Amino acid sequence: MSVYKPEIQAVIFDSDGTVLDTLNLYYIAMTKLVPPPYPQSLVDEINGRSDLDVARAMIKHYNLDTTPEAFAKKRLEILDSLLPTCKTVKGVERIINKIHEMGIPMAVATSSCRSAHEAKIINHNELFSNFVATICGDEVKETKPNPTIFQLASGKLGHFNPENVLVFEDAFHGIGAANAAGMPSVFLVDNKEKAKENMDKMNLKTQVMITSYEDFDFGSFNWAKH
């Protein structure tokens, strides 16, 4: 097993699909706006994007007669009742709690808008109290794959070099943002073969790829001692 040598001094988690199991809820909301099925290429394109970016992609793909703002507003209205029901991704609590016990500061960097994020965590306040800061998609000019959201989150945690800040992600755009920021990453995927194929096409890299948090080995990284 290869070990990433630079010391991990801070950690940033994406939220949707990485900490919170919300992707099925977003799917339900989307079916009420545009009938499925959705091509995998479109799913990959919108996963990890901001509400407006998702709206723009859907409007373009389906040639819809609406504005991104109106589409996003309708989608958020549908999600209002769904998001508070979300569960955590299996196994993530163990990871977050252990990193917290190690004394390593953590932040959330999500492409979701602040109001949607607050709705999701309403029943998970104890878990999210482990995070020092949260940066949301409506608080940056450009969301993932732009690295700004990760850079801002890192800045909220302290003064760290990017190679010392580990990112947990489940979306190609998120890994692209981590790469652009110069930060190492853990990529949670459904299928390693397909993910590697897409990453090669997109010229992306990750230090660790897992299909479940049960597969995550803390020994893959050199953690700062506190």
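Every number in this text was worked out from the coordinates using simple rules, so none of it is lab data. Since we're looking at a predicted model, the values are computed, not measured. FYI the Cβ positions are ideal-geometry reconstructions off the backbone, even for glycines, and counts take in every protein chain you see.
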Taking a threshold of 32 Å on the Cα-Cα distance, which of the pairs Lys74/Lys192; Lys87/Lys196; Lys73/Lys192; Lys120/Lys192; Lys5/Lys196; Lys60/Lys156 fall above it?
-> Lys74/Lys192; Lys73/Lys192; Lys60/Lys156
Quick one: which residues, 5+ away or cross-chain, put their amide H under 5 Å from the amide H of Asp21? H built at 1.01 Å from N.
-> Lys87, Thr88, Val89
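When you have a sec, figure out the Kirkwood radius of the range 7-96 from all distinct Cα pair distances and drop it here in Å to one decimal?
Working: mean 1/r = 0.0693 Å⁻¹.
Roughly 14.4 Å, rounded to one decimal.
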Karplus 3J(HN,Hα) series, Hz, for the range 113-121 with 6.51 cos²θ - 1.76 cosθ + 1.60 (x for Gly, Pro) | 6, 4, 5, 5, 4, 4, 5, 5, 8
Residue separation times 0.36 nm, minus the C-alpha to C-alpha distance between Lys98 and Ala224: what's the value?
-> 44.1 nm
Nearby aspartates and glutamates by direct alpha-carbon distance to Lys98 (threshold 19 angstrom, same-chain neighbours under 8 apart not counted) = Glu7, Asp14, Glu126, Glu169, Glu214, Asp215, Asp217
Can you figure out the FRET efficiency of His159 with Thr31, using R₀ = 41 Å and their beta-carbon distance, to the nearest 0.05?
-> 0.35
Whole-Å semi-axes of the chain's equivalent ellipsoid, largest first, each the root of 5 times a Cα gyration tensor eigenvalue?
-> 29, 19, 16
Relative to the Cα centre, what is the charge dipole magnitude of the chain, using +1 at the beta carbon of each Lys and Arg, -1 at the beta carbon of each Asp and Glu, and rounding to the nearest 20 debye?
-> 140
In Hz, Karplus ³J(HN,Hα) per residue of the range 151-157 (6.51, -1.76, 1.60; θ = phi - 60°; x = Gly, Pro) = 5, 5, 4, 4, x, 5, 8
Expected vector for the range 21-37, Karplus 3J(HN,Hα) from phi with 6.51, -1.76, 1.60 and θ = phi - 60°, integer Hz, x for Gly and Pro, equals 8, 10, 4, 5, 6, 5, 5, 4, 4, 5, 5, 7, 10, 9, x, x, x
In degrees, nearest ten, helix 68-82 long axis to first principal axis of the chain (Cα) | 70
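By average Cβ neighbour count within 10 Å, what is the ranking of 59-70, 80-91 from highest down?
Highest to lowest by the protection proxy: 80-91, 59-70.
Using helices alone, I'd like the mean residue ellipticity at 222 nm for the chain: each DSSP H run of four-plus residues gives -39500 (n - 2.57), total over residue count, nearest 500.
-12500 deg cm²/dmol
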